[in-house]
Structures are given as structure tokens and as C-alpha cells.
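Each value in this text was obtained by applying a stated rule to the coordinates, not by laboratory testing. For clarity, every value in this text was computed on a predicted model and none was experimentally measured. Here Cβ is always computed from backbone atoms with ideal geometry, including for glycine, and neighbour counts include all displayed protein chains.
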Amino acid sequence: MEETDWRFKIAHREAWIGVGLALFNFIWWFGFAYGLGSRPVEEYSYIFGLPDWFFYSCVVGFVLICVLVIVIVKFFFTEVPFDEEGDV
Amino acid sequence: MNYAVLVPMLAFLLIIFFIGYWSSRKLSASSNFISDYFLGGRELGGFVLAMTMVATYGSASSFLGGPGTAYTMGFGWVLLAMAQVVTGYFVLMILGKKYAIMARRYKAITMIDFLKARYNSTIVVLLSAFSIIVFLFSAMAAQWIGGARLVESLTGLSYNSSLFLFAISVLVYVTIGGFRAVALTDAVQGAVMLVGTLVLLIAVIIAGGGIPNIVNDLINENPNLVTPYGADGNLTAAYVSSFWILVGVGVVGLPQIAVRAMSYKNSRSMHRALIIGTIVTGFIMLNMHLIGVFARPVMPGIEIGDKVIPLIALETLPPWVAGIVLAAPMAAIMSTVDSLLLLVSSSIVKDVYLNYVKPDATMKTIKRISFGVTGILGIIVFLLALNPPELLIFLNLFAFGGLEAAFIWPIVLGLYWKWGNKYGAIASMATGIMSYIAIHFYNIENGNLFGVHTVTLPVLLSLAAFITFSLLIDRKAYQYNVQLNK
């Protein structure tokens with residue numbers, strides 16, 4: 001019977017991590033933008049001069065995603081050889 | 001003519017030429033011409049890989065059109081643009097290691113090679129080659145027009161002379177250097193974009209008297225500009241969110257991006273590219289679109305969106321700095337154009353000519369034809385861009401969304417779903433393209449269906465088609481693993 005290539009198990013896990021990260025990214029982006037942004041303009045507060053919804057959704061969201069990508073890649077991604085018999 | 005702006009731009013173009021020439025010398029020493037010319041020999045490192053993806057993806061629309069729209073729409077459009085951060089990691093994480101492993105096993109040089117080996121079907125190959133040639137050719141022509149307009153607004157030369165100048169610069173080094181030249185110059189161009197956008201953002205903030213001051217001016221003019229709903233309040237949450245498909249996750253299906261995901265040297269370069277790509281994409285998109293919004297109080301009354309960035313740069317920066325900063329959109333357009341040009345010519349030479357016309361062509365013939373086809377394509381695009389026909393503009397509208405709807409499932413499910421087969425792939429591509437065109441016309445007549453961007457439904461329909469046809473006709477599990485007895 002066939003045996004699943006060990007590299008594929010890693011590849012499949014990492015692809016699912018990608019899907020999860022994109023979902024998290026979307027929820028964060030959407031939640032702050034429309035959660036805070038749908039208030040009347042007079043109620044906005046401003047952080048570094050930017051409207052609060054924008055600051056949390058796009059600026060903090062972007063920085064957070066960068067940190068997450070770095071952490072995920074450094075700690076959860078495994079290096080595998082791409083060539084059939086390769087050892088790099 | 002503005003020499004203080006022009007000189008730094010010309011210096012930049014010369015550096016690009018030099019890189020093209022340098023990598024062409026490496027090319028002539030190589031033993032595997034096809035793989036080197038179209039794929040850079042699968043040895044791109046992390047930084048170059050990240051930059052080539054960013055530069056290919058960041059086209060005229062992210063540097064001229066997008067900020068121009070942000071200028072009219074306000075913060076809502078910056079929010080929309082930030083959906084693109086996801087491309088930085090999503091493409092490489094999803095295609096990722098499995099695509100790299102399978103591409104090597106199949107000895108695939110192009111995305112079509114991958115589809116050919118996975119589905120083992122002539123119709124899939126010809127259908128994909130046809131869509132790539134038609135759609136990307138039009139996309140490329142549109143970028144040439146953008147490039148020529150930029151040269152025109154900077155130099156004061158006529159449109160035709162500008163186009164000529166632009167065409168020569170692109171052709172010389174794509175024809176000579178191939179993928180490696182394109183990828184390397186992309187890296188330089190990406191770096192220019194990164195620094196250029198930051199300098200311009202700072203200059204605009206200073207010119208506007210600080211961010212709080214600028215935001216106040218915006219609220220005084222029209223409070224809607226600082227909401228997520230756009231200047232007229234008509235950017236709905238559903239519409240903006242659907243751009244997550246068009247410019248975010250759907251980018252996985254774009255052939256010019258997918259081919260880059262098979263070009264990396266090893267998993268370490270892939271990991272580095274993931275990190276660098278995410279940071280650089282987000283940084284450039286955030287900066288460029290904020291510049292667009294902030295430019296509004298600084299220079300009110302700009303009518304043509306594409307001119308916002310050039311005008312604001314000339315206004316707020318010393319001329320020679322403006323020259324360098326405006327090299328950024330120039331870089332973006334050029335790098336998009338080169339990779340599209342290369343991709344279209346690879347579809348013709350590698351996927352059609354070598355597969356079906358003359359499989360036993362000698363190395364010398366392949367070389368001659370590759371240079372020839374790339375050159376001839378360039379000349380045709382040039383002639384078309386001189387006087388763009390209606391059809392071209394029309395096809396360009398479909399280029400991104402249409403290709404995404406056609407290719408996303410055959411690629412992604414082809415990699416991960418063992419039941420996917422050629423009937424599913426054919427049905428998925430046909431459904432994707434046809435429903436995209438149908439919904440496009442529906443939306444023009446009746447407003448957006450369900451309030452979302454045209455691309456949304458075709459992507460869902462092509463998924464349904466892929467699954468249905470794969471399961472209904474000739475269902476058979478695909479064997480991803482190498483047989484031990486082979």
C-alpha cells in the first residue's frame with residue numbers, strides 16, 4: 001500500500017496554517033474597521049492623528065500580521081528538501 | 001523638459017539595463033536554457049523571490065490608480081487596499097512546499113506544465129495557454145499605456161515618443177536576460193518602491209502640517225472621507241470585503257504569481273520570502289494609499305486620479321528627489337510588464353510550440369524562437385498601445401478576475417484534492433471565464449449583484465463546477481506519492 005510522502009504532511013499542515021492566518025487577518029481587519037468605523041464621525045477618537053478604526057484595523061492589524069508571520073515561520077514551519085533525493 | 005527630474009530617472013533605467021546585461025552573460029554560460037530563461041534556474045533566494053512577487057503584483061494600479069482613487073474616496077479606499085497584505089503570505093503558504101515539490105517532480109517550468117502533468121489533458125493545456133495569451137497580453141498592453149503616460153507627464157515628450165522610450169527599455173533587457181534578469185531587476189525595483197514611497201509619505205505629511213492637521217482638513221471638507229464608507233458613503237462592507245478575493249486570496253490563481261512560487265531555491269528561501277513579502281507588500285500599500293488620501297488637503301482639485309502621485313511628488317519634493325521617487329511607479333510598471341511579457345512568450349514557446357508543434361526542437365532553435373517570440377510580442381504590444389483598440393481595454397477588464405476565476409481551483413485543488421481530475425479542471429475554467437463575463441455585463445447594467453465585486457460569484461461557481469465534474473465523470477483518486485517499484 002502507498003505511504004504518504006512525509007513532506008506532504010508538513011506541506012498540508014502549513015497550507016492549513018495559511019488558511020487560518022488569512023481568516024484571522026480578515027476578522028481582525030473587518031471587526032475593527034466596521035465595528036468602530038460605523039459610529040458617527042463625531043465620536044471617533046484619533047491615535048497619532050489617524051481615526052481609531054483605521055489605526056486598529058490597518059496599522060495595528062498590519063504590524064500584528066507581520067509579527068504572526070515571523071513567529072509562525074520561525075517556530076512552526078519545517079524546512080524540507082524539494083528534490084526527490086535531495087538532502088538540502 | 002524637467003532635467004532635474006529626468007536625470008535621476010534615466011540613471012535608474014541605466015542601472016536596470018546593466019543588470020539585464022549582467023544576467024544575460026550568466027545565461028549564455030548555462031546548460032539548461034529553457035529553465036534558466038523562463039524560471040531563473042529555480043535558484044532564487046528569499047529576498048529576490050519576495051521582491052519579484054511584490055514588484056510583479058504591484059502594478060500601475062497600486063502606484064497610480066489606487067492612490068488616485070484613495071484621493072477621491074478617503075480612508076475607505078486605504079482599508080480596501082490593505083486587503084492586499086494577505087497576498088504577501090497566502091500565496092506562498094498555500095502553494096508552498098507541495099507546489100515546489102510537485103513542480104520539481106513534474107519538471108514543470110510554467111504553471112501550464114504543472115497543469116499538464118497533473119491533469120494529463122491536451123484540452124486543459126490549450127485552454128490555459130489560450131486564456132493566458134489573450135488576457136495577459138491585454139493586461140500587458142494596458143500597463144504599457146500607463147508607463148508611457150508616466151514618461152509623458154515627466155518629460156513633456158509626446159505620447160508616441162514616450163511609448164517608444166518605454167518600449168525600448170523594457171524589450172532590451174527582457175529579451176536578453178530572461179527570468180533571472182526580470183527577477184533581479186524586480187529586486188532593485190522593489191527596493192526603490194519601498195524607499196520611494198516612505199520618502200514621499202513623509203514629505204506629504206510635512207507639507208500638510210502633520211497628520212492631525214490633515215485629518216482635520218479632511219473632516220472639514222467632507223466627514224465621510226475619514227469613515228470606511230467612502231466619500232459618498234457608498235462603499236459597503238460587502239463590496240470592500242469582496243476585494244479580499246480579487247486582490248487578496250484569489251491572487252493564488254494568477255499565472256504570473258504562481259510561476260514565481262516554483263522558482264525558489266529551497267525551503268529556507270521560501271520562508272524568508274514569506275516574511276519579507278508580507279512586510280514589504282503591506283508597507284508599500286499602506287504608504288501609497290495614505291499618500292493619496294493625505295494629498296487631498298495639500299493639493300485640492302486634481303481631476304485625473306493617475307496624476308495625483310506624480311503631481312504631489314513634484315509639488316512636495318526637491319526635483320531630483322522627485323525623480324528618484326517617481327522611479328518607483330515606473331519600476332512597478334516596468335517589472336509587471338516584463339514578467340507578463342515573459343509569461344506570454346513562455347506560454348507560446350514552451351506550452352504550445354514545444355508541446356504540440358515541434359517537441360524535438362534543438363537547443364539552438366529553442367533559443368532563437370524564445371528571443372524572437374519575446375521580441376515580436378513586444379513590438380505587437382507597442383503597435384497596439386500606440387492606438388489602443390476598444391477590444392484591448394475591454395479584455396483588460398477581465399484580466400485579473402477572469403484569470404483568477406479560471407485558474408484558482410485547478411491549481412489549488414489540483415495540489416490538495418486527490419479526486420480532482422481533468423473534467424473538473426476543464427469545467428472549472430470554462431465556468432469561471434464564462435460566468436465572469438456574464439456577471440460583468442449584468443453588473444454594468446444592474447449594479448453589483450449581491451453588492452459584491454464581479455469576481456466573487458465566478459470563483460464560487462468554478463469551485464462548484466470543479467467538484468461536481470470531478471466526482472461525476474471518471475472518478476479516480478490521483479496518486480501524489482512516488483511509487484516505490486518505479
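The loop-placed trypsin sites (Lys or Arg not before Pro) in the stretch B:369-478, going by DSSP, that have at most 16 neighbouring Cβ atoms within 10 Å of their Cβ come out as B:Lys418, B:Arg475, B:Lys476.
A simple rule links phi to the HN-Hα coupling: the Karplus curve 6.51 cos²θ - 1.76 cosθ + 1.60 with θ = phi - 60°, which for the stretch A:46-58 gives 10, 10, 6, x, 8, x, 4, 4, 5, 4, 6, 5, 9 Hz, with x for Gly and Pro.
Among the GluC sites (Glu not before Pro) in chain A, those placed in a DSSP loop whose Cβ has at most 15 other Cβ atoms within 10 Å are A:Glu2, A:Glu3, A:Glu79, A:Glu84, A:Glu85. In order along the stretch B:207-219, phi translates into HN-Hα couplings of 4, x, x, x, 4, x, 4, 4, 5, 4, 4, 5, 4 Hz, rounded to whole numbers, per the Karplus curve 6.51 cos²θ - 1.76 cosθ + 1.60 with θ = phi - 60° and x for Gly and Pro. Residues within the reach of a label modelled at B:Tyr3 (point 7 angstrom out along Cα to beta-carbon, backbone nitrogen below 17 Å), restricted to the stretch B:145-163, are B:155-157.
Every Cα-Cα pair in chain B was counted, and those over 33 Å apart are 36% of them. For the stretch B:55-140, applying the loop criterion from DSSP together with a ceiling of 10 other beta carbons within 10 Å to the trypsin sites (Lys or Arg not before Pro) yields B:Lys107. Rounded to the nearest 0.05, the FRET efficiency derived from the C-beta distance between A:Phe48 and B:Ala117 at R0 = 35 Å is 0.10.
Cβ-Cβ distance of B:Ala430 and B:Arg475, R₀ of 25 Å, FRET efficiency by 1/(1 + (r/R0)^6): the value works out to about 0.80. Distances between every pair of Cα atoms in the protein assembly as shown, grouped in 10 Å steps from 0 to the bin holding the largest one, split as 4, 18, 29, 28, 16, 5, 1, 0 percent. Note on B:Ile379/B:Trp419: beta-carbon distance plugged into 1/(1 + (r/R0)^6) with R0 of 51 Å gives a FRET efficiency of 0.70. Overall shape of chain A was characterised from the C-alpha gyration tensor. The equivalent ellipsoid obtained from it has semi-axes of 41, 14, 6 Å, in decreasing order. Working note: Karplus 6.51/-1.76/1.60 with θ = phi - 60° gives the stretch B:189-197 the couplings 5, x, 4, 4, 4, 4, 5, x, 5 Hz, where Gly and Pro are set to x.
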